[in-house]
Amino acid sequence: MQPAELHKEAGNALFSHEDYEGAIREYTKAIIQDASNPAYFTNRALCRLRLHLYEEALADCQKALELTSDSMKAHFYKGQALLALDRPNEALRSCKLAYELSLKQKSPSASSIAQTVLNAKKRRWEIMEQRRVEKEGHLLFEMKDTLHANYEMKIKTAEQDPDATQQERIETREILEYEYLEQVTQLEQTFERSDEKYRKREVPDYLIDPISFNIFYDPVVSKSGQSFERSVILEHLKNHKFDPFTREYLTESDLRPNLSLKAACEQFLEENGWAVDY
């Protein structure tokens with residue numbers, strides 16, 4: 001056995017005992033001996049993920065992908081590192097590539113990768129939601145500021161009216177103040193209703209196809225009870241005659257329309273129009 005492989009085996013043994021720092025040292029020695037083997041980099045990347053060393057793990061994954069672009073593990077670990085670094089858009093791209101490779105390779109990691117894809121999508125929406133709330137909050141502040149400036153201008157104009165008595169000025173001020181407060185209340189209520197309408201902007205997992213990660217449009221169910229988007233699973237079955245998750249033999253004739261799930265998706269989209277672009 002080559003020296004590099006000996007260090008790899010030593011690293012694997014340490015990893016199995018959760019000695020990730022020791023495993024990193026062994027994988028690093030393997031890399032020094034042979035920097036052309038992508039497995040050494042992905043093994044070290046996984047250790048670094050376990051130690052929350054996300055930037056270092058990302059660098060290992062990128063090096064592994066330079067050596068071989070079809071490394072499922074490198075794409076998957078890269079996606080995990082990017083998600084941990086709060087870069088969900090990039091994480092989503094990497095995990096989708098990993099998922100496609102996992103199906104081609106019939107890897108048992110497919111379901112874990114699929115869950116990471118969903119996590120990346122959720123985090124992307126959380127960031128978009130945060131930006132939306134901040135934007136609406138800023139807009140509300142600006143509109144209130146405009147109302148207040150308009151109110152003060154009217155007060156100043158009324159105070160400078162040479163033909164108005166002192167009592168008339170007092171009454172005008174009271175009327176203007178009442179109108180101003182009413183406008184502010186109406187504005188706040190409008191934003192509250194808008195916020196209530198859009199507050200829950202998250203698509204439930206059961207409405208999402210596990211292969212394309214899009215909301216179901218025409219769902220079908222397999223013998224195992226797993227639902228898929230019809231067009232997506234049919235495309236999969238052209239090249240792979242098995243269930244992507246159970247690995248059981250599967251053909252088009254084994255698929256049945258999932259009418260209840262289809263109805264649930266239609267209702268959700270009707271009530272949450274924003275989800276069309278999910």
Checked region 245-256 for anything polar (S, T, N, Q) and assigned to a loop (DSSP other than H, G, I, E, B); matches are Thr246, Thr251
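Identify the residue in region 26-78 that is among the small types (Gly, Ala, Ser) and farther than 21 Å from Ile113 by Cα and, among all such residues, is surrounded by the most Cβ atoms within 10 Å (Cβ to Cβ).
That would be Ala30.
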Set Lys122, Lys106, Lys96, Lys135: member being farther than 14 Å from Leu46 by Cα and either touching a Gly at 6+ places or on another chain (Cβ under 7 Å) or outside any helix (DSSP H, G or I) (or both): Lys106
Collect the residues in region 113-131 that are out of contact with any Ser or Thr (no Cβ under 6 Å at 6 or more places or on another chain), touching a residue at least 12 places away in the same chain (Cβ under 8 Å) and either within 20 Å of His236 (Cα to Cα) or open to solvent by less than 40 Å² (accessible area, probe 1.4 Å) (or both), keeping them in residue-number order. Ala114, Thr116, Val117, Leu118, Ala120, Lys121, Trp125, Ile127, Glu129
Filter region 245-256 for residues that are touching a residue at least 12 places away in the same chain (Cβ under 8 Å) and touching a Phe, Trp or Tyr at 6+ places or on another chain (Cβ under 8 Å); which is most open to solvent (accessible area, probe 1.4 Å)? Glu248
Got a sec? Which of Tyr178, Tyr151, Tyr206 is aromatic (Phe, Trp, Tyr), open to solvent by 70 Å² or more (accessible area, probe 1.4 Å), more than 40 Å from the chain's Cα centre (by Cα) and at negative phi? Tyr178
Residue under evaluation Pro88, criteria (1) at pLDDT 95 or above; (2) within 28 Å of the chain's Cα centre (by Cα), criterion not met: (1)
Members of region 66-77 that are free of Cβ contacts under 8 Å to residues at least 24 places away in the same chain and part of a helix (DSSP H, G or I): Glu66
Could you tell me whether region 210-218 includes any residue that is assigned to a loop (DSSP other than H, G, I, E, B) and free of Cβ contacts under 8 Å to residues at least 24 places away in the same chain? yes
For residues in region 14-28 being charged (D, E, K, R) and in contact with a Leu (Cβ under 9 Å, 6 or more places away or on another chain), which is farthest from Pro3 (Cα to Cα)? Glu21
Is there a residue in region 96-112 that is open to solvent by less than 50 Å² (accessible area, probe 1.4 Å), within 13 Å of the chain's Cα centre (by Cα) and of a type outside the set (Ser, Thr, Tyr)? no
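Criterion first (at pLDDT below 85, of a type in the set (A, V, I, L, M) and out of contact with any strand residue (DSSP E or B) (no Cβ under 6 Å at 6 or more places or on another chain)) does Leu97 satisfy it?
no
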Which numbered condition Ile170 misses (of (1) among the β-branched types (Val, Ile, Thr); (2) in contact with a Leu (Cβ under 7 Å, 6 or more places away or on another chain); (3) free of Cβ contacts under 8 Å to residues at least 12 places away in the same chain): (2)
Residues that are out of contact with any Ser or Thr (no Cβ under 6 Å at 6 or more places or on another chain), part of a loop (DSSP other than H, G, I, E, B) and surrounded by 14 or more Cβ atoms within 10 Å (Cβ to Cβ), drawn from region 219-244: Ser222, Lys223, Gln226, His240, Pro244
Scan region 258-267 and give yes if some residue there is touching a Lys or Arg at 6+ places or on another chain (Cβ under 9 Å), open to solvent by 30 Å² or more (accessible area, probe 1.4 Å) and among the charged types (D, E, K, R), otherwise no. no
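The values are calculated or read from the model by the stated rules, or taken from the named source; none is laboratory data. Small disclaimer: the values here were computed from a predicted structure and weren't measured. Reconstructed Cβ throughout: ideal geometry from the backbone, glycine too, with neighbour counts over all protein chains shown. These accessible areas exclude ligands, DNA and RNA; they are computed on the full protein's heavy atoms, side chains included. Shrake-Rupley method; radii C 1.70, N 1.55, O 1.52, S 1.80 Å.
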